[in-house]
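Before any comments, here is the structure.
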Amino acid sequence: MSPPRDLRASLAQAGYTPGRRDVAPLVALLVDDPDAGPAVRRALARADASVVAAAIVSALDGAAEASAARLVPALGDAAATATAARVALLAGLDDARPRLRRAAVTALGKLGGDEARAALCAYWDRPDLPADHRRAAAEALGKVGGDQAALRLAATPADGGGDAELVRRRDRAILIALRDADDAPSEVALDVAPATPMVMVARCRAGLETVLAGELHDAGLAVDRLGPGLVGVILAGPLAPLLAARTLLTAGVVVELDRDADADAIAQALARPEVQGLLTAWTRGPVRWRLDFERGGHRRALVWAAAARTRALAPALRNQPRATTWDVVVTADQRHLELRPHRFTDTRFAWRVADVPAASHPTIAAALARVAGAHAGEQVWDPFCGSGAELCERGQLGAAQLHGTDRDQRALVAARANLDAAGLDATLVCGDALEHVPPPLDLIITNPPLGRRLRGDAAALLERFAARVPGLLARHGRLVWITPAHERTGAVLRRGGLGLRFARDLDLGGYEARLERWQR
Ligand SMILES: C[S@@+](CC[C@H](N)C(=O)[O-])C[C@H]1O[C@@H](n2cnc3c(N)ncnc32)[C@H](O)[C@@H]1O
């Protein structure tokens, strides 16, 4: 049957959803034209699955081997919802055409579920499977996962009977099968002290190192050294005090590698008794980990090889990227691992229940609040308050009269929700920062529009705002803010009689701005 011309035109349209009458001609096209495969399969996946199943089952009958095998992936797609397709797929494992059988194995692995697992285990148990079927079945067993699948994979001879490709697929499948076999809860224990003091790296936005170091010091931790975006800490007790630092982004235990990070070096480091001991002591439930790279990128081959080697040396450590408890990060110098807690209870920013597109990162809001300091009962205004992050963070430091303005009503709804969640009272007004008249102020704290999203000239807006500041502040009043144009805004503030007391250049994700504290 040659397909109508307009069917090919429909296939070329994105989002084409075939009607009932188009299904059989599409299946015929799949039989006749290998090149049409991907487009036809995409289209069939959008059609009624039971109609697709019926058309494929009828076309399979009598189709040549190669064409029949081409139909099976589409049958597998339909099997997710149509029983007839599932039944046909399972029957495919007993078909006389070997390529169809192999395609059914692959499709069942993708489909998953108990029925597919049982059928694939039985298929795996057949003696004398051709090598390409054994490999496909190994991969499929890995995908369906579960103890039964993992047991079978693990029982194959280590050298795969001389089939290197089978060994590669089997090892990968074992990791996947085990990864998905267990769903016991697991999280980092924040209240357990390490056996010996640990060197840790606490990370923050570049520019906030001294602020973070101050917070860590106040939490009773021994601060070791500072570097760009990081503070070294010696931790002799539990992890919990680290979370007193509100500018902290991540914290990790540093483990030295004995050579550049390859799969063996990573596995050997993780398998060291003191490292395994620490991970076990600091985890409630199974220790799950995933490999990551400070420099970014996926490096899949290294990830797989490191997972396989680690499993061999330290089976208690489970490489389970999707449910990880620990991120194991290869540092940029390739000579260290950083073991970063991934799954733990962090209530620092529990106030954050609502968001706006330009919301401050909470650690930035926390930095502004810390740099501002707190005097009991003072009058505080955020003229560009958005979702209220700075007001919430200032409120955490002690009682104050909080005022916020924003010209966007939706932002004020978000701010109200966040302040309520923080248990804070505040006066919120929809208004322009250049016109609103607040009471005499002890503190103006704000992360204003920096020009990334604002149409128009953010620097000009902030210069005009800066010109208002001296007239709004009480004696000794402070302005703590982030400015993207510190020379221009600084000149205005100085002219108004304010003195600069603190300044740090911040990296706001590839965008430079300066955090400042001015005083009247
Ligand atoms: C960077 S966002 C503030 C983010 C805020 N700190 C938060 O955490 O959500 C800047 C805010 O300034 C507001 N805005 C811009 N121009 C304004 C103006 N002239 N007066 C008042 N608000 C303004 C925007 O609506 C936006 O919500």
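A few points about this structure:
- Estimated inter-spin distance, His375 and Arg407, nm [label 7 Å along Cα→Cβ]: 3.1 nm
- Taking 0.36 nm per residue of sequence separation and removing the Cα-Cα distance, the Ala206/Leu226 pair yields an extension gain of 6.1 nm.
- Two-site FRET efficiency, Ile234 against Phe344, from Cβ-Cβ distance with R₀ of 22 Å, rounded to 0.05: 0.60
- Rounded accessible area per residue of region 362-519, 1.4 Å, Å²: 42 Å²
- Percent RCO, i.e. relative contact order, over the chain, from Cα pairs under 8 Å lying at least 6 residues apart: 8 percent
- Reported to the nearest whole Å, the Cα centre-to-centre distance from region 327-390 to region 263-309 is 28.
- Considering helices alone, the calculated mean residue ellipticity of the chain at 222 nm is -13500 deg cm²/dmol, with DSSP H runs of length four and up weighted by -39500 (n - 2.57) and normalised per residue.
- Euclidean distance between Cα centres, region 394-433 to region 1-70, Å: 58 Å
- DSSP-defined beta bridges in region 362-519 - what % are antiparallel, rounded to 5: 45 percent
- Across the protein chains, with a 1.4 Å probe defining accessible surface, the residues Val87, Val27 rank Val87, Val27 from largest area downward.
- Share, in percent, of DSSP beta bridges within the chain that are antiparallel, nearest 5: 60 percent
- Fraction of accessible area attributable to carbon and sulfur, the chain (%, probe 1.4 Å): 51 percent
- Label-to-label distance, Tyr16 versus Asp32, with points set 7 angstrom from Cα along the beta-carbon direction: 1.4 nm.
- Two-site FRET efficiency, Ala244 against Asp147, from Cβ-Cβ distance with R₀ of 45 Å, rounded to 0.05: 0.60
- Taking a point 7 Å out from the Cα of Ala421 in the direction of its Cβ, the residues of region 318-345 whose backbone N falls within less than 19 Å of it are 344-345.
- Taking all protein chains into account, the per residue accessible area for region 115-198 stands at 49 Å² (1.4 Å probe).
- Sum of side-chain charges, His476 neighbourhood, beta-carbon under 14 Å (Lys, Arg +1; Asp, Glu -1): +3
The values are calculated or read from the model by the stated rules, or taken from the named source; none is laboratory data. Quick caveat: nothing in here was measured; it's all calculated off a predicted structure. Positions of Cβ are backbone-derived with ideal geometry, glycine not excepted, and every protein chain shown enters the neighbour counts. Protein only, heavy atoms only, side chains kept; ligands, DNA and RNA dropped before computing areas. Shrake-Rupley method; radii C 1.70, N 1.55, O 1.52, S 1.80 Å.
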